[in-house]
Amino acid sequence: MLSSEILDAVSTSFSVFFQGKNFIRLLMGLWVTISIAAVSVVLSIFFGTIFGMIMTIKNRVVRILSKIYLEFMRIMPQLVLLFLAYYGLTRSLGISLSGETASILVFTLWGTAEMGDLVRGALQSVPRHQYESGMAIGLTNRQIFCHIVLPQTLRLLVPMSMNLVTRMIKTTSLVVFVGVIEVVKIGQQIIEGNRLKVPTCSIAVYAVIFFMYFFVCWVFSLLANILEKRQKE
Amino acid sequence: MDFTFIKQVIPLYTEAAWLTMHIALIGILLSLIVGLICALILYYRIPVLRTITSCYIELSRNTPLLIQLFFLYFALPNVGIKLSGVQCCIIGLTFLGGSYMEETFRSALDTVGKVQIESGQCIGLTRAQIMRYIVLPQAVSVSIPGFCANVMFLIKETSVFSIVAVADLMYVAKDLIGLYYKTDEALLLLALSYFILLLPVSMLASYAERRLRYAQFGNT
Amino acid sequence: MALLEVQHLRKSFDEHEVLKDISFSVEKGEVIVIVGPSGCGKSTLLRCINGLESIQGGTILLDDEVISNRTKDMHLIRQKVGMVFQSYDLFPHMNVLNNILLGPLKAQKRNRAKVEKEALEWLERVGLPDKAHSYPRQLSGGQKQRVAIVRALCMHPEVMLFDEVTAALDPEMVREVLDVLMNLAEDGKTMLIVTHHMEFARAVADKVIFLDSGLIVEETTPAQFFNHPASERGRKFLQNFTFEIRKK
């Protein structure tokens, strides 16, 4: 193909976004993706904080169980987990999950493991002598945790959990595999609908989806960077 | 559980696993090369190239592999670039992995302190010699745990390959569920296959990390 | 002609001027000790002489050759100037012998057997004959610092710069390092030493330079400086190192 032809194909392809509500539809699809990610992140941070605190308990059984959970979530690709939840649970337990519910369930379980490990790391990064200094000035355990440990761990955790948000949004792209009508699915519908009118429109649709993901994730990455820099100062 | 069925389909899974590992291996090797080049460009702050590299890294880190593959496989043919599914996977994995490897390498390069470089200068070494004899050897050993984590991450990411019609593990599992309704068996084998592929890598990663933390040069 | 000449050297970091018009010269075989309060620019002065910092004015001459602000062959100049830092900066991934050999073999392309023999002799002289194959992390601070000195010496530099080489050491290890410096002085090595050990400075120096706020306040013999400092600032500075008995 000549370069002028390519340019032509690309420019006509973008014309789909000026027809009807195509762009708005795509944005709505993105919104589905983002809301799944948002719910999963909120749940992950909540359960992850609890899980992280549990992991610092010095008990053999607790430690081994949490280690197994963490390793399993780490080793299994998120897509495999999604299949296990969507197809497996439906069959073996007779629970019928919608694609959305299965996705939120899986991403929360995965996010809890990741967040939990971050919380554990942050809690353990507070050096011993910080606790000892707290005790030396007569604080109770509760006061040591609230006034000494918590502020220090939060400073570490906030940028790290921003990174988790970016990862979560990227991972959410997988929900198309379990039949959720989200940005890619709507993109495919638009391509299908314009097959005859604008046969090359897939280039515009996928490019726009690509950059939609990029901008959403990029905002959170920038935020994480800024927070990380501020924390170092 | 239908064990005769499982026995029958195991070869399908091993074949798919081989294909996945094959693509992953090529992708990881290429990522390493891309990552190292990008890391050096950013480390030496080479003008122009540095800006391009930063743009690439932002794009790569902030988009899902799945969307990258969609673009490569379904969009590019419209401008005359026709790639096979496997080619798309290799390119996508390299595009993704390059930025991860870059980050690992560069943070490892940064761990080699300024005084180390100045001492190299003081004994009259050139910039290239300082990189080769002082910075790189130290950076490489620091980057091994991060490298293992990246390998693990990239192998996991291969699970979306079925979207571009590559007959990987997910593809086989989806097929068996769709054709024979053997959901339990298919899923069990799927989970098991990834477990067998990734457990050794995961163990290697934590071993490398422990070794780096507790052992330093001169312990052997 | 002097071996090293510093003429009207000026150095600033952004707005802040650290060295303002520094001039002095070093003869071959001379030992010069630079003293002064912290932040007076002593370390920066040494770093300028070794080209680790770019300078904003003046010239530095070594053997009548201008060495300031060069970029192209700075690594060749640095082979003539040895430097030892405060933080014992051995390369952690190499054993002691390879640390010492790296410069002579790679930068100067000298014969391995000869350099190795020389390195072992030096290690013997500084009291570390059995440490050639140890790694830096297996050595104490004082031992590492002695290796760093040998590493610089094996480059056969014309002048050696020592930047507070004992400042990071435990007190009981200071002596073993200073003894090595004393030894080198007796050998007739040309040295510029920045130190906080006044007794050592008095013993080793041919000339003392007292630096304060980026200026040379005094440049004189150790006897003169330590017994009868000419300037008020010098007198005040030296008082920091003595205590009066207050309790009866």
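The values are calculated or read from the model by the stated rules, or taken from the named source; none is laboratory data. Since we're looking at a predicted model, the values are computed, not measured. Here Cβ is always computed from backbone atoms with ideal geometry, including for glycine, and neighbour counts include all displayed protein chains.
Here are the numbers:
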read-out	value
Test: residue B:72 is at negative phi, buried (at least 19 other Cβ atoms within 10 Å of the Cβ) and within 20 Å of the chain's Cα centre (by Cα)	yes
Pairs, first under 21 Å from residue C:139 (Cα atoms) and within 11 Å of chain B (Cβ to nearest Cβ) in the range C:102-124, second part of a helix (DSSP H, G or I) and aromatic (Phe, Trp, Tyr), C-beta under 8 Å, six or more apart	C:102/B:133
Residues (of a type in the set (D, E, K, R), within 18 Å of residue A:222 (Cβ to Cβ) and more than 11 Å from chain A (Cβ to nearest Cβ)) located in the range B:46-69	none
Residue ID - surrounded by the fewest Cβ atoms within 10 Å (Cβ to Cβ), chosen from residues in the range B:87-129 that are among the hydroxyl-bearing types (Ser, Thr, Tyr) and either more than 21 Å from residue B:57 (Cβ to Cβ) or within 14 Å of chain C (Cβ to nearest Cβ) (or both)	B:111
Matching entry among B:212, B:154 (being part of a helix (DSSP H, G or I) and either away from chain C (no Cβ under 14 Å) or of a type in the set (S, T, N, Q) (or both))	B:154
Helices (runs of 4 or more DSSP H) wholly inside the range A:50-144 containing at least 2 residues that are in contact with a strand residue (DSSP E or B) (Cβ under 7 Å, 6 or more places away or on another chain), touching a residue at least 12 places away in the same chain (Cβ under 8 Å) and within 13 Å of chain B (Cβ to nearest Cβ)	none
Residue in the range B:87-98 that is in a loop (DSSP other than H, G, I, E, B) and touching a helix residue (DSSP H, G or I) at 6+ places or on another chain (Cβ under 7 Å) present	no
Selection within the range C:159-188 - surrounded by fewer than 22 Cβ atoms within 10 Å (Cβ to Cβ) and part of a strand (DSSP E or B)	C:160
Residues satisfying the stated conditions in the range C:130-148, i.e. of a type outside the set (A, V, I, L, M, F, W, C) and within 13 Å of another protein chain (Cβ to nearest Cβ)	C:131, C:133, C:134, C:135, C:136, C:137, C:138, C:144, C:145
Number of positions in the range A:9-44 that are in a helix (DSSP H, G or I) and away from every other protein chain (no Cβ under 14 Å)	18
Where a residue in the range A:179-196 is at positive phi and its partner, wherever it lies, is surrounded by 15 or more Cβ atoms within 10 Å (Cβ to Cβ), with Cβ under 6 Å and at least six apart	A:179/A:99
So residue A:169, is it in a helix (DSSP H, G or I), in contact (Cβ under 8 Å) with a residue 60 or more places away in the chain, buried (at least 20 other Cβ atoms within 10 Å of the Cβ) and facing chain B (nearest Cβ under 9 Å)	yes
Identity of the residue in the range A:110-157, β-branched (Val, Ile, Thr) and closer than 30 Å to residue A:76 by Cβ, that ends up farthest from the chain's Cα centre (by Cα)	A:153
Yes/no for residue C:67 being within 14 Å of another protein chain (Cβ to nearest Cβ), more than 30 Å from residue C:22 (Cβ to Cβ) and surrounded by 14 or more Cβ atoms within 10 Å (Cβ to Cβ)	no
Single condition residue C:156 does not satisfy, out of (1) in a helix (DSSP H, G or I); (2) closer than 29 Å to residue C:105 by Cβ	(1)
Selection status of residue A:216, under 20 Å from the mean Cα position of the chain (by Cα), in contact (Cβ under 8 Å) with a residue 12 or more places away in the chain and within 13 Å of chain B (Cβ to nearest Cβ)	yes
Some residue of the range C:54-71 being in contact (Cβ under 8 Å) with a residue 60 or more places away in the chain, under 24 Å from residue C:185 (Cα atoms) and part of a loop (DSSP other than H, G, I, E, B)	yes
Near pairs, Cβ below 6 angstrom, 6+ apart or cross-chain, from the range A:221-232 (within 18 Å of residue A:167 (Cβ to Cβ)) to any residue that is among the hydrophobic types (A, V, I, L, M, F, W, C) and in a helix (DSSP H, G or I)	A:223/A:162; A:224/A:162; A:227/A:158
Selection count, the range B:143-165, where residues are buried (at least 19 other Cβ atoms within 10 Å of the Cβ) and farther than 18 Å from residue B:31 by Cβ	3
Failed item in (1) surrounded by fewer than 21 Cβ atoms within 10 Å (Cβ to Cβ); (2) under 30 Å from residue B:67 (Cα atoms); (3) among the charged types (D, E, K, R), with residue B:132 passing the rest	(2)
Residues within the range C:189-226 that are in a loop (DSSP other than H, G, I, E, B) and either under 15 Å from the mean Cα position of the chain (by Cα) or polar (S, T, N, Q) (or both), tallied	9
Filter result (crowded, with 21+ Cβ neighbours inside 10 Å and at pLDDT below 90) within the range C:23-42	C:36, C:40, C:41, C:42
Qualifying residue in the range A:45-67 (condition: crowded, with 18+ Cβ neighbours inside 10 Å and under 23 Å from residue A:188 (Cβ atoms))	no
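Conditions (1) surrounded by 21 or more Cβ atoms within 10 Å (Cβ to Cβ); (2) at pLDDT 90 or above; (3) in contact with a helix residue (DSSP H, G or I) (Cβ under 7 Å, 6 or more places away or on another chain), marked per residue:
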site: A:99; (1), (2), (3): no, no, yes
site: A:119; (1), (2), (3): yes, yes, yes
site: A:128; (1), (2), (3): no, no, no
site: A:131; (1), (2), (3): no, no, yes
site: A:163; (1), (2), (3): no, no, yes
site: A:179; (1), (2), (3): no, no, yes
